[in-house]
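Encoded as structure tokens, the structure appears first; notes follow it.
The values are calculated or read from the model by the stated rules, or taken from the named source; none is laboratory data. Just so you know, these numbers come straight off a predicted model, no measurement behind them. With ideal geometry, Cβ positions are generated from the backbone for all residues, glycine too; neighbour counts draw on all protein chains shown.
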Amino acid sequence: GYGLNPDAIRELHSQGVKLLISTDCGIRAVEEVQLAKELGMDVIITDHHSPGTELPNADVIVNPKQAGDAYPEKNLAGVGVAYKLIEKLGEDTQIQAESFLDLVAIGTVADMVPLVGENRILVREGLRQMRSPHRQGLMSLMGVAGVKPDNVTSTDIGFRLGPRINAAGRMSSARSALDLLLEDDLMKAGQLAQELEILNRNRQAATRSFKDQVMEQVIEGADIPPVIFAFSPDFHQGVVGLVASNLLGQYYRPAIVGVKQGALTTASCRSIFEFNIIKALDQCEDLLVRHGGHAAAAGFTIENENIPAFRERMTQIAEDEFEDKNLCPTLLADAEVELADLDKNLLEYLSWLEPTGYGNPQATFVCRGVKPKSSRRIGKDKSHLKLEVTDGKYSVDAIAFKQGAWADAMPAEIDILFTFGVNEFRGRVTLQLNIEDIKAS
């Protein structure tokens, strides 16, 4: 499993390990760290999650969110915090911390931390390094993911590279992703990259399957509950977080999805801007075995007998929080434009704003009163929409993910909110609108 656990600590001790360094976990592992200390191990915690009321008795804690920490960037990803330790070690050793910036970029984007401040600088420098890859494993992964190194972007990390790396830990063992990133041999790296590709496809299929099962549980009436809960022994532990994310995206409510195993349930939580999920879990601490995470994403373990009380309390916390709020996602546009404004020059200007991502989104535009020249469903499940829009003089291709239903009842004129980019298909590069929302004019 994820994080520090007693069995793993005892196993490491039996192997003669004297120093335990955590990455992206451990800040709430009070008992586990105490066990390691009792076994004679030195412990360094590097973590970016919110601390609990008690800090572990580690020899060193590197976490900018701990009380009294003066480091100005509080939103570093777990990999960013670990990078700070590497930088410090590099002052007295031959370690070249900068050589890890490609991995720092991948971890920062995949961890969904705001791409502002130092995070944005780390990702920008990491992307620069990724455009001339020095890791055969990463080069092979780009190959199977259809990413061209010389044009790699933060979007490629978020939607192509990150999911394939994460699929290893979700569907099998994270070891295969580590082996790939460490592999120098071309043939072995290619094989490992293909394994991750297969695991990622399995993850996608499992997510779709389990989402359908969850949907049968959670939405019983016309009203959407304040918090969506789904617990079952039949769920796959590796995709519960992804299913929770999908539920949040569809219903704009906090979603908690968990797997029952014996007397315990392990769950993942995803939340909306209006509801700090880790603070809510802190208010349920007496019902939980352990918990941790961020305002928008968290996880916990609970004894099954406590689930009814937990659901009741969490629902009440959410109802109190939402009492005076209209829970409706709002999309904001940076500018209203005409189709004639969308050209290669604009793309050049937009490239100066990169890298973009969570907390620092791409520029978003609105066009009003455009006419769909054509529209059709695409994708394996026909859930996406491919269309061409025109204002009578200019026409441009567009795609709208998860909006295939519009093809069945497309209005004569529409208003669209979109980001602007290019589409590369079989060597042909065309301008393309990535539509986020559609409404009839």
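Which pairs do you get when a residue that is at negative phi and assigned by TED's automatic domain parsing to the domain that holds I416, found in segment 350-365, comes within reach of a residue that is buried (at least 17 other Cβ atoms within 10 Å of the Cβ) and at pLDDT below 90, reach meaning Cβ atoms under 8 angstrom, with the pair 6+ apart or on two chains?
From segment 350-365, the pairs are Y358/M112.
Can you tell me which of D234, D156, D223 is surrounded by fewer than 16 Cβ atoms within 10 Å (Cβ to Cβ), of a type outside the set (A, V, I, L, M, F, W, C) and within 30 Å of C328 (Cα to Cα)?
Working: D234 fails: within 30 Å of C328 (Cα to Cα); D156 fails: surrounded by fewer than 16 Cβ atoms within 10 Å (Cβ to Cβ).
Step by step, each of D234, D156, D223 is checked, and only D223 is surrounded by fewer than 16 Cβ atoms within 10 Å (Cβ to Cβ), of a type outside the set (A, V, I, L, M, F, W, C) and within 30 Å of C328 (Cα to Cα).
Assess whether N202 counts as being in contact with a helix residue (DSSP H, G or I) (Cβ under 7 Å, 6 or more places away or on another chain), surrounded by fewer than 20 Cβ atoms within 10 Å (Cβ to Cβ) and either on the phi < 0 side of the Ramachandran plot or among the hydroxyl-bearing types (S, T, Y) (or both).
Numbers: in contact with a helix residue (DSSP H, G or I) (Cβ under 7 Å, 6 or more places away or on another chain): yes; surrounded by fewer than 20 Cβ atoms within 10 Å (Cβ to Cβ): yes; either on the phi < 0 side of the Ramachandran plot or among the hydroxyl-bearing types (S, T, Y) (or both): yes.
Answer is yes for this residue.
List every residue pair whose Cβ atoms lie under 9 Å apart, where the two residues are 6 or more positions apart in sequence or sit on different chains, the first residue falls within segment 372-391 and is within 21 Å of E338 (Cβ to Cβ), and the second residue, located anywhere, is of a type in the set (D, E) and assigned to a strand (DSSP E or B).
P372/E388; K373/E388; S374/E388; S375/E388; L387/D397; E388/D397; V389/D397
Among the numbered criteria (1) among the aliphatic types (A, V, I, L, M); (2) modelled with pLDDT of 95 or more; (3) within 19 Å of the chain's Cα centre (by Cα), which single criterion is violated by L85?
(3)
Kindly establish whether G126 is at pLDDT 95 or above and within 22 Å of G293 (Cα to Cα). Even if it seems obvious, please write down each step before you answer.
Working: at pLDDT 95 or above: yes; within 22 Å of G293 (Cα to Cα): no.
No, not satisfied.
Taking strands (runs of 3 or more DSSP E) that fall entirely within segment 354-441, which contain at least 3 residues that are over 27 Å from V116 (Cα atoms) and in contact with a Lys or Arg (Cβ under 9 Å, 6 or more places away or on another chain)? Steps first, please.
Working: elements: 365-378, 384-390, 395-400, 414-425, 428-440.
Of the strands (runs of 3 or more DSSP E) lying wholly inside segment 354-441, those with at least 3 residues that are over 27 Å from V116 (Cα atoms) and in contact with a Lys or Arg (Cβ under 9 Å, 6 or more places away or on another chain) span 365-378, 384-390, 395-400, 414-425.
Starting from residues that are aromatic (F, W, Y) and closer than 17 Å to V422 by Cβ, keep the ones in segment 336-375 and report whichever is surrounded by the most Cβ atoms within 10 Å (Cβ to Cβ).
So the first thing to find is which residues in segment 336-375 are aromatic (F, W, Y), and the list is 349, 352, 358, 365.
Now restrict to residues that are closer than 17 Å to V422 by Cβ: 349, 352, 365.
Values: Y349: 9, W352: 6, F365: 20.
Per the stated criteria, the residue is F365.
Restricting attention to segment 160-174, does a residue exist that is in the same structural domain as Y83 (by TED's automatic domain parsing), part of a loop (DSSP other than H, G, I, E, B), within 18 Å of the chain's Cα centre (by Cα) and under 24 Å from G238 (Cα atoms)? Break it down stepwise before answering.
Step one: filter segment 160-174 for residues in the same structural domain as Y83 (by TED's automatic domain parsing), giving 160-174.
If we keep only those that are part of a loop (DSSP other than H, G, I, E, B) as well, we get 172-174.
Next, only the ones that are within 18 Å of the chain's Cα centre (by Cα) stay: 174.
From the residues that got through so far, the ones that are under 24 Å from G238 (Cα atoms) too are 174.
Yes, some residue in segment 160-174 is in the same structural domain as Y83 (by TED's automatic domain parsing), part of a loop (DSSP other than H, G, I, E, B), within 18 Å of the chain's Cα centre (by Cα) and under 24 Å from G238 (Cα atoms).
Name the residue that is farthest from K188 (Cα to Cα), counting only residues in segment 103-140 that are surrounded by fewer than 23 Cβ atoms within 10 Å (Cβ to Cβ) and without any contact (Cβ under 8 Å) to a residue 40 or more places away in the chain.
I121
Looking at segment 168-181, which of its residues are surrounded by 20 or more Cβ atoms within 10 Å (Cβ to Cβ) and free of Cβ contacts under 8 Å to residues at least 60 places away in the same chain?
The answer is A168, A177, L180.
When you scan segment 119-155, how many residues do you find that are closer than 17 Å to L181 by Cα and in a helix (DSSP H, G or I)?
Number of matching residues: 15.
Suppose we keep only residues that are part of a helix (DSSP H, G or I) and of a type in the set (S, T, N, Q) within segment 298-335. Which one would you say is surrounded by the most Cβ atoms within 10 Å (Cβ to Cβ)? Walk me through how you get there before you give the answer.
First pass over segment 298-335, keeping only residues part of a helix (DSSP H, G or I): 304-322.
Add one more test, that the residue is of a type in the set (S, T, N, Q), and what stays is 304, 306, 315-316.
Details: N304: 15, N306: 17, T315: 14, Q316: 13.
If we take residues in segment 298-335 being part of a helix (DSSP H, G or I) and of a type in the set (S, T, N, Q), then N306 is surrounded by the most Cβ atoms within 10 Å (Cβ to Cβ).
Among the residues of segment 336-348, write down those that are acidic (D, E) and assigned to a loop (DSSP other than H, G, I, E, B). Walk me through how you get there before you give the answer.
Keep residues of segment 336-348 that are acidic (D, E), which gives 336, 338, 341, 343, 348.
If the condition is that a residue be acidic (D, E) and assigned to a loop (DSSP other than H, G, I, E, B), then E338, D343 are the ones that fit.
Are any of the residues in segment 50-72 without any contact (Cβ under 8 Å) to a residue 12 or more places away in the chain, assigned by TED's automatic domain parsing to the domain that holds K18, within 30 Å of Q362 (Cα to Cα) and of a type in the set (K, R)?
No.
Just for segment 58-70: of the residues that are surrounded by fewer than 17 Cβ atoms within 10 Å (Cβ to Cβ) and at pLDDT 95 or above, which one is farthest from the chain's Cα centre (by Cα)?
The first filter runs over segment 58-70 and keeps only residues surrounded by fewer than 17 Cβ atoms within 10 Å (Cβ to Cβ), leaving 59-60, 66-70.
From the residues that got through so far, the ones that are at pLDDT 95 or above too are 59-60.
Working: D59: 31, V60: 28 Å.
Checking each candidate, the answer is D59.
When segment 182-194 is examined, which residues are found to be surrounded by fewer than 18 Cβ atoms within 10 Å (Cβ to Cβ) and in a helix (DSSP H, G or I)?
Of all residues in segment 182-194, those surrounded by fewer than 18 Cβ atoms within 10 Å (Cβ to Cβ) come to 182, 184-188, 191, 194.
Selection gives L182, L186, M187, K188, Q191, Q194.
Would you mind stating whether G52 is out of contact with any strand residue (DSSP E or B) (no Cβ under 6 Å at 6 or more places or on another chain) and over 10 Å from D24 (Cα atoms)?
Values: out of contact with any strand residue (DSSP E or B) (no Cβ under 6 Å at 6 or more places or on another chain): yes; over 10 Å from D24 (Cα atoms): yes.
Considered against the rule, which asks whether it is out of contact with any strand residue (DSSP E or B) (no Cβ under 6 Å at 6 or more places or on another chain) and over 10 Å from D24 (Cα atoms), G52 comes out as yes.
Check segment 376-385 and report whether any residue there is outside the structural domain of R128 (by TED's automatic domain parsing), modelled with pLDDT under 95, under 29 Å from L247 (Cα atoms) and polar (S, T, N, Q).
yes
Given F273, F235, F231, which one is of a type in the set (F, W, Y) and either within 19 Å of the chain's Cα centre (by Cα) or in the same structural domain as S50 (by TED's automatic domain parsing) (or both)? Write out each step before concluding.
On the way: F235 fails: either within 19 Å of the chain's Cα centre (by Cα) or in the same structural domain as S50 (by TED's automatic domain parsing) (or both); F231 fails: either within 19 Å of the chain's Cα centre (by Cα) or in the same structural domain as S50 (by TED's automatic domain parsing) (or both).
When all the criteria are applied, what remains is F273.
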